[in-house]
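The values are calculated or read from the model by the stated rules, or taken from the named source; none is laboratory data. Remember, it's a predicted structure, so these values are computed and weren't measured experimentally. We place every Cβ from the backbone using ideal geometry, glycine too, and count neighbours over all the protein chains shown. Heavy atoms of the whole protein, side chains included, go into the accessibility calculation; ligands, DNA and RNA do not. Shrake-Rupley method; radii C 1.70, N 1.55, O 1.52, S 1.80 Å.
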Amino acid sequence: MQRITITLDDDLLVTLDALSQQRGYNNRSEAIRDILRNTLTHEHTQHGGQNGYAVLSYVYEHEKRDLASRIVSAQHHHHDLSVSTLHVHINHDDCLEVAVLKGNMHEIQHFADDVIAQRGVRHGHLQCLTEE
Ligand code: NI
């Protein structure tokens, strides 16, 4: 990991801090990393509604208000995409989940957005495996 310095205008910084608080990021670096990852993922899935596999991973606090049930609801809503989900209790508060998904990449992206955008979900990452 490398340390870089970036320059933001005041308005953008206010927006970044509001987003960080909303999504439960611990600091600005974490927020910017996730935003960048999301952008890269979107870029990757821009090329049509291809079918393929994807791996969605994220960390969340299981006792945060309604979060666990909201994530389960999102998973049931997109049950047709689910191949397998791994759940690991990584410490007293946090759970790590890794979902292997199969299907249309746009639908997979929507599912990933549903989960990653939930308040209290951190380190959300979607890795797409499309056949080029
Ligand atoms: Ni757990």
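Take the range 108-132 and flag every residue that is touching a strand residue (DSSP E or B) at 6+ places or on another chain (Cβ under 9 Å) and more than 15 Å from residue 58 (Cα to Cα).
Hits for the range 108-132 are 129, 130, 131.
Residues in the range 62-85 that are within 25 Å of residue 26 (Cα to Cα) and open to solvent by less than 60 Å² (accessible area, probe 1.4 Å): how many?
4
Just the residues that are within 16 Å of the ligand (Cβ to nearest atom) and open to solvent by 70 Å² or more (accessible area, probe 1.4 Å), please, taken from the range 88-119.
89, 90, 91, 92, 93
Just name the residue that is farthest from the ligand (Cβ to nearest atom) out of those in the range 65-87 that are over 21 Å from residue 106 (Cβ atoms), under 17 Å from the mean Cα position of the chain (by Cα) and of a type outside the set (S, T, N, Q).
70
Checking residue 62 against (1) within 16 Å of the ligand (Cβ to nearest atom); (2) touching a residue at least 40 places away in the same chain (Cβ under 8 Å); (3) over 27 Å from residue 129 (Cα atoms), only one condition comes out false. Which one?
Result: residue 62 passes all but (2).
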